[in-house]
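Following: one structure in structure tokens, then a few remarks.
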Amino acid sequence: MTVDVVVIGAGLAGNAAACTAAERGATVCLLEKGGSFGGSSVRAGGGLLFAGTDLQKKLGVDDDAERLRAAIVAAGQAKNDPVVVGAYVENQLDTYEWLCAHGIEFSLAPPNADVPTPRLHVTPQGHLTRVVHSRLVEMPNATYRPHTRARRLRRGDDGRVAGVAVTHDGVDTEIAARHGVIVASGGFSRSPELLQTFAPEWAGAVKMGGPDNTGDGLRMAGALGAQLVDMGYIEATFGASADDFHAGTSRNEPEPRLLFPHAAGAVVVNRLGRRFVNEGLNYKAIGRICADQPDGLGFQIFDRQVMERSQPVPTPRDYAGALADGLVVQAPTIGALARALGIDPGGLEATIAAYNDFVRARHDPDWGRPTAGGVTVEAPPFYGFPCRAGLTATYCGVKVDANLHVVDVFEEPIEGLYAAGEVVGGFHGAGYLTGTGLGKAAVFGHFAGRSVGRPAP
Ligand SMILES: Cc1cc2nc3c(=O)[nH]c(=O)nc-3n(C[C@H](O)[C@H](O)[C@H](O)COP(=O)(O)OP(=O)(O)OC[C@H]3O[C@@H](n4cnc5c(N)ncnc54)[C@H](O)[C@@H]3O)c2cc1C
């Protein structure tokens, strides 16, 4: 088979890249290792960071691309590659408009400590990827191949990447690409070996990424000399459901889920019923601290006041849905809740009583939570969510240039090879900003679909 563009991986990045290239008239083949498309992208319940959108303008939010750039660089502690951040900032608005033109309707998540400017554009979980995929498969010049694992990248006689060796249903074959190959195979949160190499401290974290995200793109590009960047900056996210804990409950969903009632005022305690962190910190920072608690467990404890703040989108704020699905435990008193969760009841009761005093005094002398969270825990019923740090994404990956060509260890572009989405390194630097995982997938996917075939700058 010969096409103009081969795209490896059918998450949001791969679908956006394939769809864009096909809309521009290229013949495209999108490969997916698993039986269904979506990878991590359909598991993510959050939103995407865009700035300067018509939705923001309509709601009176004053924002622009430069402020978005500053926020990304601040979150990354200025360790980000400015070229890669530039590729995002300069292409994000065009991507937003492209998604809207495909019928996607976003809403704006309310501001929070991580994203104080309302710029997190949300849709129901998986919706974006499904819409882009539907558009892709209706185009006659696009082919989608599930159950097709890319194994190796092939170079032509001129050294350009000119195809992919694949295994489809156990049969090895090759697909040639006239204009180039886009690697969009996601991260490696499901690869024990790569985690052991690059993030051994997170080898035991709850694995939340797409089931086939084993870093194949990194290996294939690495075999051609691709440079890897940001490998030391992998972080897990606090608030991943502790699934072992839910064994035997009415839980009806096999995948772990993120839930953030702490962002709405819940208190976080350990098995002893003791607080161990300022709940106002970023969920990555809390994840690190939680990993050191007994069994790596944290319990988000809250009451009716926080439950009333539940909203269906984005998923991490859907506390009511998590209760209905058996992930959140409900009890009439704090003592009963502690017993149901296996927490020391006396410890939890004392912690909550002290915490309520901190809230009333608007001062948290123990952990310095800003304005002590603002919500007491005293209105029954009471709720508890047992959770751990979860690995949702691996953030680091191959180095790319301004047009998303993969760059080798000698800083030379690898002609014909592009990357998009989570497999791209250099964007986040030392810290992840909420909404840039899905954002990076959509923006770089759409941009790669337009870049492919262009010579390196
Ligand atoms: C639970 C969860 C919550 C998240 N929440 C957020 C959030 O709120 N906001 C945010 O911005 N980000 C969030 N993220 C991160 C975000 O979802 C990812 O960074 C993003 O979706 C990655 O998109 P992608 O297209 O690059 O990769 P993926 O969506 O993972 O797609 C990669 C695809 O490549 C396929 N593949 C792998 N190897 C091969 C191969 N050899 N051949 C063919 N196909 C292959 C995989 O099967 C997969 O389908 C979350 C992630 C998870 C798991």
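The values are calculated or read from the model by the stated rules, or taken from the named source; none is laboratory data. Predicted model only: the values in this text are computed from it and were never measured. Every residue, glycine among them, receives a Cβ derived from its backbone with ideal geometry; neighbour counts consider all protein chains shown. Quick note on the areas: whole protein, heavy atoms, side chains included, nothing else; ligands and nucleic acids left out. Shrake-Rupley method; radii C 1.70, N 1.55, O 1.52, S 1.80 Å.
Backbone phi angles across the range 293-310, fed through the Karplus curve with coefficients 6.51, -1.76 and 1.60 (θ = phi - 60°), yield HN-Hα couplings of 7, x, 6, x, 9, x, 10, 8, 10, 8, 10, 4, 4, 6, 4, 5, 8, 4 Hz in residue order; Gly and Pro are listed as x. The angle separating the long axis of helix 12-23 from the principal Cα axis of greatest extent in the chain is about 40 degrees. Summing charges over neighbours of L55, with a neighbour being any other residue whose Cβ is under 12 Å away from its Cβ, gives -1 when K and R count +1 and D and E count -1. Centre-to-centre, using Cα atoms only, the range 348-401 and the range 44-116 are separated by 26 Å.
When you restrict to C-alpha pairs under 8 Å that are six or more residues apart and normalise by the size of the chain, the relative contact order lands at 25 percent.
Expressed to the nearest 5 percent, the antiparallel share of DSSP beta bridges inside the chain is 70 percent. For the range 391-457, count all C-alpha to C-alpha pairs, find those more than 15 Å apart, and express that count as a whole percent of the total. Tail of P(r) above 15 Å: 49 percent of Cα pairs. What is the range 280-391 by shape, rounded, prolate or oblate, if you read a ≥ b ≥ c off the alpha carbon gyration tensor as root eigenvalues and call it rounded for a/c under 1.5, prolate for a/b larger than b/c, and oblate otherwise? The shape class here is rounded. Taken along the Cα-to-beta-carbon direction at a fixed 7 Å, the label points for H168 and E66 span 5.0 nm. A simple count of charges around Y144, restricted to other residues whose Cβ falls under 14 Å of its Cβ and scoring Lys, Arg +1 and Asp, Glu -1, yields +2.
Were the residues from H147 through A223 laid out at 0.36 nm apart, the gain over their Cα-Cα distance would be 25.1 nm.
Enclosing the Cα atoms of the range 33-79 in their convex hull gives a volume equal to 131 cubic angstrom per residue.
The calculated FRET efficiency for I289 paired with E411, based on their beta-carbon distance and R0 = 45 Å, is about 0.75. Taking 37 °C and 0.692 mPa s as the conditions, I'd like the Stokes-Einstein D for the range 1-112 in µm²/s, using the Kirkwood hydrodynamic radius from alpha carbon pairs. Taking Rh from Cα pairs, D becomes 203 µm²/s. Binning all Cα-Cα separations of the range 107-157 at 10 Å, short to long from zero, yields these whole-percent fractions: 18, 25, 25, 21, 10, 1. In plain terms, the bigger the Kirkwood radius, the slower the diffusion; for the range 303-457, with that radius from Cα pairs, at 4 °C and 1.567 mPa s, Stokes-Einstein puts D at 66 µm²/s. Scalar couplings 3J(HN,Hα) for the range 389-401, obtained by applying the Karplus form with A = 6.51, B = -1.76, C = 1.60 to θ = phi - 60°, are 7, x, 8, 8, 7, 10, 6, 8, x, 7, 6, 10, 9 Hz; x denotes Gly and Pro. Using C-alpha pairs under 8 Å with a sequence gap of at least 6, the mean separation divided by the residue count of the range 205-320 gives a relative contact order of 26 percent.
Placing dummy labels 7 Å off each Cα toward the beta-carbon, the span from M1 to V137 is 1.4 nm.
Applying 1/(1 + (r/R0)^6) with r as the Cβ-Cβ distance of A176 and R274 and R0 = 56 angstrom yields a FRET efficiency of 0.35. Relative to the longest principal axis of the Cα atoms of the chain, the long axis of helix 65-75 lies at roughly 60 degrees. Straight-line reach from K440: taking Cα to Cα under 24 Å and skipping same-chain neighbours fewer than 8 places apart, the lysines in range are K33, K57, K79, K207, K284, K399.
Full extension of the chain segment joining R24 with N356 gains 113.6 nm, where the gain is 0.36 nm per residue of separation less the Cα-Cα distance.
Only helices enter this figure: runs of n ≥ 4 DSSP H residues, each worth -39500 (n - 2.57), summed and divided by the residues of the chain, yield -8500 deg cm²/dmol at 222 nm to the nearest 500. Only Cα pairs under 8 Å and 6+ residues apart enter the sum, and on that basis the relative contact order of the range 1-127 stands at 26 percent. Once the Cα atoms are used to define both axes, helix 436-451 deviates from the longest principal axis of the chain by about 10 degrees.
For the chain, the Kirkwood hydrodynamic radius from C-alpha pairs, put into Stokes-Einstein at 20 °C and a viscosity of 1.002 mPa s, yields a diffusion coefficient of 95 µm² per second.
Computed with a 1.4 Å probe over protein heavy atoms only, the accessible area of H127 comes to about 70 Å². Between A101 and A379, the contour length at 0.36 nm per residue exceeds the Cα-Cα span by 95.6 nm.
When peptides 35-44, 149-158 are sorted by average Cβ neighbour count within 10 Å, with the highest value leading, the order is 35-44, 149-158. Sequence-ordered 3J(HN,Hα) estimates for the range 359-365 from the Karplus curve with 6.51, -1.76 and 1.60 and θ = phi - 60° stand at 5, 5, 7, 6, 8, 10, x Hz, glycine and proline given as x.
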